[in-house]
Amino acid sequence: MKFWRHAVVGLVCLVMGFLVVGQALPTQAQGAAPATGKPALYEFGAGYCFSCKEMAIIMAELTKSHSDQVEFRMVYVDKEKPLFDQYKIMLIPTQVFLDASGKEVDRHIGALSQEDVLKKLKELKFIR
């Protein structure tokens, strides 16, 4: 029983370590700058993930209301694996916020409400 407890604790520590390293090392993707010259929000997820499906709905609503100011893009692991590797995405859903030059300025792991996304976009001065 002790072995399994230590194994689980070790696995949790390993995952947390990856999360800390991933948060501490934001990346700038080469050649993946927003095509529009606008800031961008890339939502990394998968079609089978419940939280990712919720985020897809939120991203669609934000695209309708704010696409004149921000590029919104859904990135699915089964379709665009190289971008997952490029941005070092380890957990889904993950949101990556890019400035107009394509430089990562922030990221969030986990689902966000539409209000939280709007708050972050305003904080980053992506929207008015």
Give the stretch 98-120 a look and list any residue that's surrounded by 15 or more Cβ atoms within 10 Å (Cβ to Cβ) and under 17 Å from residue 56 (Cβ atoms), or say none. 108, 109, 111, 112, 114, 117, 118
Over 20 Å from residue 121 (Cβ atoms), more than 11 Å from the chain's Cα centre (by Cα), modelled with pLDDT of 90 or more and not in a loop (DSSP other than H, G, I, E, B), is that true of residue 85? yes
Might you let me know whether the stretch 71-92 holds any residue that is polar (S, T, N, Q) and within 18 Å of residue 49 (Cα to Cα)? no
Filtered residue count, the stretch 88-112, keeping only those that are hydroxyl-bearing (Ser, Thr, Tyr) and at pLDDT 95 or above: 1
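Results for (1) at pLDDT below 95; (2) farther than 19 Å from residue 107 by Cα; (3) not charged (D, E, K, R), shown as yes or no for each residue.
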{"position": "27", "(1), (2), (3)": "yes, no, yes"}
{"position": "34", "(1), (2), (3)": "yes, no, yes"}
{"position": "44", "(1), (2), (3)": "no, no, yes"}
{"position": "61", "(1), (2), (3)": "no, yes, no"}
{"position": "67", "(1), (2), (3)": "yes, yes, yes"}
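The values are calculated or read from the model by the stated rules, or taken from the named source; none is laboratory data. All values reported here derive from a predicted model rather than from experimental measurement. Methodologically, a virtual Cβ is constructed for each residue, glycine included, from the backbone with ideal geometry; neighbour enumeration extends over all protein chains shown.
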